[in-house]
Amino acid sequence: MKGSRDVKGSGGARVRAVVRRAPRALYADLWARPADRVPRMGEADAPAWRPTLVMLMIFAAACFAVPRTNELVPHPAGGIGGWAVAAALAQSAVLVAGMFRPVGAWWAATALSVVTVAVTESTMSPDRLFPWSIMGMVFQGGALFLLALRVTLRRAVGALAITLLAGVALTLHTTQRHNLDLDRSAPVFVIALVLGVALRSVRLARKDLVVQVELTADERARRTLLEERHRIARELHDVVAHHMSVISIQAQVAPHLVEDPSDELKENLAGIRENALEALTELRRVLGVLRSEDAPAQSTRHTPQPTLDRLDGLVATVRLAGLPVTLATTGEPRPLPPGVELSAYRIVQEALSNVMRHAPGASARVEVAHRAAGLTLRVANTRPDRPAAPSPGVRHGLLGMRERTAMLGGDLATGPTPEGGWEVTAILPVGSAGAAPTTDISTAPATTEDAP
């Protein structure tokens, strides 16, 4: 018995606590807390129907303001009371204001409805719907709908409960018999609230979706950038490691090519070999992490990296794939740094791949110009004769070309040609001009669209 009394006592205490907190919660939900901001036109969550809804609300207010007064109270002489006209116009204005201040507009609409019905109840016709006439349902339901569009479900349900309680209170305090319509007005209010809540949920979901799409696009661009940088770093690692190995071997063999080498020469060559091996070890330790699980096979990784000498083979392979392509070389060829050779080959390779992928039926021309300041590459294609099929996978060809030219301190230009084709031009400097500053990922180009 004592335990049951304790349970009842604790339950009663909780009920009393809820009752004490109810006024404060009601004040916070239906007065103090602001409603959702009205989305500006052009924003992700801006409803396309907002201007239309405003015009409909104004039109409805204009059409129903004066007829609404006939439902309020007829003047003894057959006219319409001036205060009744003012009340109807006020309710119409409140409905329009609900587009911008939904909480205050709902309070004003509810108060005006209650006061008007309470004052005119004694003179109403018994056949008139009470307490909400047809137009009263429209205006009160409209206020609830506009409120539900801009507040949370809990706040909207609280407003609905107050509206229904106001109707019940008006029904209990009457001086004559009326055609009661609480069973018909309540579903109208509930439907208006459900519709508003549903539209608000759709708007918020669309906003979250747009934000998520933007985040996904940024993350995809960042991941693509990192993947391309890893690929470039792996290739350069192979090039540098090859040359460091050659230096080490030459330093080891050099003493045997000289008759009676001095101790000083042997010591210097041994130091060169030791430093080369040490640098090679550090290079492999630092860049070895880039050898991911999907890195090339061991035999493939040790094959020499391609250079401009293999452009003829690349062009022949592309021709066999069905793309008519011509290769033109101008200027006097000369030895180039391995990084420039590798990047030039990859840029031409990627540009031709883009032509085959995005310009079906077109032909291409590759121009390699050897200049005093460096190397200029131009890959252009004609207008395709049919639309290209959708290309699956992550598209990062242009991003890779930009990364390679930026790494060498060069410039890359891409864009359509006047004839309707596409052109890729890369300028790769040689010498001191090729020293590129370190580029932070956050400021690197984020374009991942391949073209043409």
> Going by the conditions given, is LEU287 closer than 29 Å to VAL348 by Cβ, open to solvent by less than 70 Å² (accessible area, probe 1.4 Å) and at pLDDT 60 or above?
Replying inline: yes
>> Where the second residue is open to solvent by less than 60 Å² (accessible area, probe 1.4 Å) and the first is under 9 Å from ARG273 (Cα atoms) and lies in region 245-257, which pairs have Cβ atoms under 6 Å and are six or more apart or on separate chains?
In response: ILE247/ALA276; SER248/ALA276; ALA251/LEU269
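Restricting to region 352-365, name every residue that is under 19 Å from THR330 (Cα atoms) and buried (at least 23 other Cβ atoms within 10 Å of the Cβ).
ALA364
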>> Against the conditions (1) surrounded by fewer than 17 Cβ atoms within 10 Å (Cβ to Cβ); (2) in contact (Cβ under 8 Å) with a residue 40 or more places away in the chain; (3) of a type in the set (Ser, Thr, Tyr), where does THR216 fall short? Just the number, please.
In response: (2)
>> Given the criterion at pLDDT 90 or above and either at negative phi or surrounded by 20 or more Cβ atoms within 10 Å (Cβ to Cβ) (or both), identify the matching residue among ALA316, ALA328.
In response: ALA328
> Among the residues of region 222-233, is any surrounded by 12 or more Cβ atoms within 10 Å (Cβ to Cβ), in contact with a helix residue (DSSP H, G or I) (Cβ under 8 Å, 6 or more places away or on another chain) and modelled with pLDDT of 80 or more?
Replying inline: yes
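Residue-wise test of (1) touching a residue at least 60 places away in the same chain (Cβ under 8 Å); (2) open to solvent by less than 80 Å² (accessible area, probe 1.4 Å); (3) within 30 Å of GLY158 (Cβ to Cβ).
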residue: ALA186; (1), (2), (3): no, yes, yes
residue: PHE189; (1), (2), (3): no, yes, yes
residue: SER201; (1), (2), (3): no, yes, yes
residue: LEU204; (1), (2), (3): yes, yes, yes
residue: LYS207; (1), (2), (3): yes, no, yes
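Here's a check for you: in region 162-174, which residue that is closer than 13 Å to SER185 by Cα and without any contact (Cβ under 8 Å) to a residue 24 or more places away in the chain is nearest to the chain's Cα centre (by Cα)?
First, the residues of region 162-174 that are closer than 13 Å to SER185 by Cα: 163-168, 171.
Now drop any that are not without any contact (Cβ under 8 Å) to a residue 24 or more places away in the chain, which leaves 165, 168.
Working: LEU165: 44, VAL168: 48 Å.
Only one residue tops the list, namely LEU165.
Does ILE272 qualify as being under 30 Å from PRO333 (Cα atoms), open to solvent by 50 Å² or more (accessible area, probe 1.4 Å), modelled with pLDDT of 75 or more and in a helix (DSSP H, G or I)? Steps first, please.
Details: under 30 Å from PRO333 (Cα atoms): no; open to solvent by 50 Å² or more (accessible area, probe 1.4 Å): yes; modelled with pLDDT of 75 or more: yes; in a helix (DSSP H, G or I): yes.
Judged against the criteria, ILE272 is not a match.
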>> Give me the residue from region 132-154 that is surrounded by 19 or more Cβ atoms within 10 Å (Cβ to Cβ) and within 30 Å of the chain's Cα centre (by Cα) and, out of that set, nearest to VAL103 (Cα to Cα).
In response: LEU147
> On the given criteria, is GLU267 open to solvent by 100 Å² or more (accessible area, probe 1.4 Å), part of a helix (DSSP H, G or I), within 17 Å of ILE249 (Cα to Cα) and at pLDDT below 80?
Replying inline: no
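The values are calculated or read from the model by the stated rules, or taken from the named source; none is laboratory data. Every value quoted in this text rests on a predicted model; they were computed, and no experiment measured them. Note that each Cβ is placed from the backbone with ideal geometry, even for glycine, and that neighbours are counted across all protein chains shown. All accessible areas refer to the heavy atoms of the entire protein, side chains included, with ligands and DNA or RNA removed. Shrake-Rupley method; radii C 1.70, N 1.55, O 1.52, S 1.80 Å.
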